[in-house]
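J.: Shown below is the structure under consideration.
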């Protein structure tokens with residue numbers, strides 16, 4: 001019921017936006033709230049309409065290379081997860097700034113320069129995709145009903161429009177990248193771009209390759225490889241590993257019919273849950289409260305500084321790696337941040353890092369492997 005109400009709320013808010021909107025809007029960001037000093041290179045944000053009928057618009061962050069932006073590669077970065085914001089990639093992975101990890105006190109979280117940003121050697125075009133992720137939105141509720149294929153085609157349309165408005169980057173070596181569930185989207189998009197190049201569709205991109213990190217493939221190996229991995233690093237015993245290997249052959253690991261296999265996999269899940277899934281060497285996070293400690297902050301300050309805060313994340317220990325995600329929620333929902341980024345009023349009332357199945361999505365790319373094979377056969381480099 002809660003997910004349905006959230007979906008309805010998003011649709012109503014999107015419908016409240018002015019009906020007329022240019023296909024692209026751009027904002028040149030001189031400085032980011034919370035960052036002391038200037039940005040290391042030029043930052044542009046904006047919207048590109050990818051579905052005129054529904055009024056669906058994808059939001060992007062374009063960070064120019066700190067080296068030679070006229071010649072350096074341009075990387076198109078697609079987020080993973082269930083409709084996760086690309087700000088995760090921007091702040092936690094390859095972008096030019098990071099959050100300062102310090103106890104949240106109700107004020108705007110601080111930022112710091114990231115000395116190992118990929119923008120040292122490349123320009124990066126980060127995009128909130130699919131529609132509904134991050135600050136991307138649709139005026140019509142039907143615009144949120146997308147899937148692997150439709151959202152990928154929207155990304156191809158996004159690139160055509162974006163490069164049409166930024167022709168100075170067409171000659172730059174172009175790469176498509178992403179992680180996690182974007183592992184299915186990246187090769188699909190690369191293949192479509194390659195097909196458009198062969199068909200002489202304009203603008204023609206200088207596609208050189210694609211790269212994916214810890215990618216989902218859609219194949220059984222996505223789940224089954226966890227068993228030998230956990231055995232190899234000592235999370236499960238030799239006995240449990242051998243039991244699974246013997247009794248789960250040919251079984252669907254997510255819905256096994258063999259009773260011994262089912263029991264062994266249940267034990268495997270119990271043991272796996274005792275460690276931090278993203279990185280087994282980090283501590284498993286303990287959440288201190290279901291809601292952040294913002295209730296003691298003056299309500300007038302909250303009203304002035306923040307958009308609606310209906311779904312704040314649980315507060316982890318400051319020693320947990322995902323404490324940065326907790327801080328990001330308050331940075332992205334700060335009114336000063338939204339004004340700086342050029343976020344359209346009424347488009348996204350509350351930014352959340354990921355939407356956990358509260359918006360419709362069809363997983364219609366069952367396997368990415370054929371797309372990887374297709375693009376590599378055309379001399380397009382794939383990096384895993």
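J.: Of these, 309, 240, which one is at pLDDT 95 or above and surrounded by 13 or more Cβ atoms within 10 Å (Cβ to Cβ)?
T.: 240
J.: Given the condition surrounded by fewer than 18 Cβ atoms within 10 Å (Cβ to Cβ), closer than 30 Å to residue 313 by Cα and touching a residue at least 24 places away in the same chain (Cβ under 8 Å), answer yes or no: does some residue in the stretch 199-211 qualify?
T.: Among the residues of the stretch 199-211, not one is surrounded by fewer than 18 Cβ atoms within 10 Å (Cβ to Cβ), closer than 30 Å to residue 313 by Cα and touching a residue at least 24 places away in the same chain (Cβ under 8 Å), which makes the answer no.
J.: Also: With the structure loaded, tell me whether residue 279 is at pLDDT below 85 and not in a helix (DSSP H, G or I) or whether it fails that test.
T.: yes
J.: What number of residues within the stretch 63-87 are under 16 Å from residue 136 (Cβ atoms) and in contact with a helix residue (DSSP H, G or I) (Cβ under 8 Å, 6 or more places away or on another chain)?
T.: Of the residues in that region, 8 qualify.
J.: Looking at (1) closer than 21 Å to residue 356 by Cα; (2) at pLDDT below 90, which is the only condition residue 329 fails?
T.: Exception for residue 329: condition (2).
J.: Let me ask something additional. Here are some residues: 348, 380, 352. Which one is under 20 Å from residue 148 (Cβ atoms) and either in the same structural domain as residue 199 (by TED's automatic domain parsing) or buried (at least 21 other Cβ atoms within 10 Å of the Cβ) (or both)?
T.: Unique residue meeting the criteria: 380.
The values are calculated or read from the model by the stated rules, or taken from the named source; none is laboratory data. Quick caveat: nothing in here was measured; it's all calculated off a predicted structure. Glycine also receives a Cβ, built like all others from the backbone with ideal geometry; neighbour counts cover every protein chain displayed.
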